[in-house]
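Chemist: I'd like to ask you about the structure that follows.
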Amino acid sequence: MAKGKKISMIAFLFIILLTLVIGCSNHDAPSSNTDNASGNSSGNVQFHLGETINPEQVSNFNPFLVNGNWQTLFEYIYEPLFYFNPVKGELMPILAEDLGTWSEDQKAYSVTLREGVVWHDGEEFSAEDVLYTFNAIKEHKVLDQYQIWNDKRLKEINVDGNTITFHLTEKFPSLPFYLSTVEIVGEHSFGDEDPSTNLNKEPIGTGPFTFNSVNESAIILEKNAKHHSNVPKIDELVINRFNNASTLTLSLEDGSVEASTGTIAMPSIPKLLENPAAEMQVYPGLSVFSVIMNNERPGLEDQAVRKAIQLAIDRTALIEKAEMNAVFPANPGFLPKAFNEMVDETIFDSPEYQYNIDQAVQELEDAGYSKNANGVFEKDGEELSFTYNMASNAPAQNKEGTMITQWLQEVGIQTTVKLVTWPELTKLAMSGDFDLLQNSIAFPPDPQAALEVFHSRMTAPEGENTPGLNYMRFRDDEVDGWLDEASVADPETRQELYKKIQKRIADQAPVAVMYNVGGHIPYRVDNFTNYNEEVPVYSALSLSQIEPK
């Protein structure tokens, strides 16, 4: 790979009209503040970003952990070697000087680090910090959610001055995209702590904003005047915390906040955009909302039951009635259409995987299930009765969950709905303490990474946290073998293998997909200007450039 050249990952062939991102929390919305959106009585220029952040999401500020924090926060405080820009579908160097070089045999990848980088506390940034960060993930496997250190990928990392080289066991052309998922932490601030348990209450990064404080109403960040390349033009980034999307949307409408990271009440979008000061940035994303099934649970370990659940979900109705045609149809084989030629398009419209209540009933009857006096299918005296977990205070998600559980009832599958917070959903998914769970699965910008969600090495027995995103506890030798082969194959062979994997996933139905979600970002232009729409406008790269009008 040539130095300094951007890597294009995917060529998006479609335009998102609108996409839904829902947040929730269980505490009050922030109290109104008396300062205007662009400053306060001390003359500091403040930018007010709004988001739904509940108490469980401020229990730690450790970027290694997927629970107990609001992940977007780390984009402002910490930095990775590379940033994957979802607007353009490409990598951008951040802590790296450029996009690195491959060795001739494609088993070593060298990255030269940017000069002049310092940590927020004034300590000098070095290659040793990068080495520490990746070795921490290696030593604590629970932190390696994308399995960068598995036996067919990273073997070791070497440091030579300001250059760090990643040595591979086998060819792994997706490595740079995986590196973009890791925020680099300082050895001097993390070295004496267990990175898997460190609460990191006073985070120290290299990003354009420094941590000031957190309270019930907001997270306060300040500009990093020593940033290596993007010293913000605003003095403070105030992340106002809300209890739901509706309250946040009202604040967007009245100008109390300038933008959100994507949370907005869908029915309010037309009204919001009537205001000439309101804008909406839209771009594709890599998140698949699904009914996640625990394949280890009685009943759900049966492929016929999972297939029946898949057939019971009317994805077209979900998109039209609950999502207002603002999301994309999902692939029963899981891989989003954004990956273009790697996607098996025939699966999308195949009648074999479409909503069909009669066929769902037939699948169960053929597998030896029969309905009891309550109209619920059972076999060997065991009813198909499951707990259905979904997010609380999420109106669109609740509507969709109601639709899905009603369809399941029509088939003869009984559910008991349980409402929990978004962080609790993640905890349940990781531990396996659930039957059915409605949530999204997001993955690195790579088709291999998307399909490796289903690799057996990405899961763990129920009661243990998964090392990856295989919350389904799905295990299939054929899928494992095809994925291992594809990880080192040429593009043409990869395409053939990926289509086999998609067909196998669609047939085995470890999840019942709902739809694909991208990003839509509401923001106001009456008080601030110079948003960078070449990247997400809420990103650190954009907010470090904005300035008051």
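Chemist: Provide the gained length on full extension for the span Asn44 to Val420, in nm with one decimal, where the gain is 0.36 nm per separating residue minus the Cα-Cα distance.
Modeler: That works out to 131.5 nm of additional length.
Chemist: Hey, with R₀ at 60 Å, roughly what FRET efficiency would Glu170 and Lys371 work out to, going by the Cβ-Cβ distance, to 0.05?
Modeler: According to the calculation, E is roughly 0.75.
Chemist: Given contacts defined as C-alpha pairs under 8 Å and at least six residues apart, what's the relative contact order of the chain, whole-number percent?
Modeler: After rounding, I find 22 percent.
Chemist: Counting heavy atoms of the protein chains only and a 1.4 Å probe, report the per residue accessible area for region 445-503 as a whole number of Å².
Modeler: Using a 1.4 Å probe on heavy atoms only, each residue of region 445-503 averages 36 Å².
Chemist: For region 78-156, rounded, prolate or oblate, judged on the Cα gyration tensor with a ≥ b ≥ c (square roots of eigenvalues), a/c < 1.5 rounded, else prolate if a/b > b/c?
Modeler: It is rounded, given that a/c, with a ≥ b ≥ c, falls under 1.5.
Chemist: Once you put a point 7 Å from the Cα of Glu115 and another 7 Å from the Cα of Thr101, both along the Cβ direction, what distance in nm separates them?
Modeler: Simple spin-label model gives 1.7 nm for this pair.
Chemist: Then there is this: Within 10 Å, count the other beta carbons around each residue, average over each peptide in 524-537, 444-457, 251-264, and list them highest first.
Modeler: Highest-to-lowest ranking by the protection proxy: 444-457, 251-264, 524-537.
Chemist: For region 343-359, take each phi angle, set θ = phi - 60°, evaluate the Karplus expression 6.51 cos²θ - 1.76 cosθ + 1.60, and give the result in whole Hz per residue in order, putting x for glycine and proline.
Modeler: After applying 6.51 cos²θ - 1.76 cosθ + 1.60, I find 8, 8, 5, 5, 6, 4, 9, 5, x, 4, 10, 8, 3, 7, 4, 4, 5 Hz.
Chemist: Probe radius 1.4 Å, ligands and nucleic acids ignored: give me the carbon and sulfur share of the accessible area of the chain as a rounded percent.
Modeler: 45
Chemist: Considering only DSSP beta bridges where both residues belong to the chain, give the percentage that are antiparallel (nearest 5).
Modeler: Percent antiparallel among DSSP bridges in the chain is about 75.
Chemist: Ignoring everything except DSSP H segments at least 4 long, calculate the 222 nm mean residue ellipticity for the chain; use -39,500 (n - 2.57) per segment, divide by total residues, nearest 500.
Modeler: Value at 222 nm, helices only: -6500 deg cm²/dmol.
Chemist: Cβ under 9 Å from Phe377's Cβ, Phe377 left aside: what net charge do those residues give with Lys, Arg +1 and Asp, Glu -1?
Modeler: -1
Chemist: Sort 100-109, 323-332 by packing, meaning the average of other beta carbons within 10 Å per residue, with the highest value first.
Modeler: 323-332, 100-109
Chemist: Pull out a ≥ b ≥ c, the square roots of the eigenvalues of the alpha-carbon gyration tensor of the chain, then state rounded if a/c is under 1.5, prolate if not and a/b is larger than b/c, and oblate in the remaining case.
Modeler: The shape class here is oblate.
The values are calculated or read from the model by the stated rules, or taken from the named source; none is laboratory data. Keep in mind that what you see is a predicted model, and the values were worked out from it rather than measured. Heads up, the Cβs are rebuilt from the backbone with ideal geometry, glycines too, and the neighbour counts pull from every protein chain shown. Note: areas computed on protein heavy atoms with side chains; ligands, DNA, RNA excluded. Shrake-Rupley method; radii C 1.70, N 1.55, O 1.52, S 1.80 Å.
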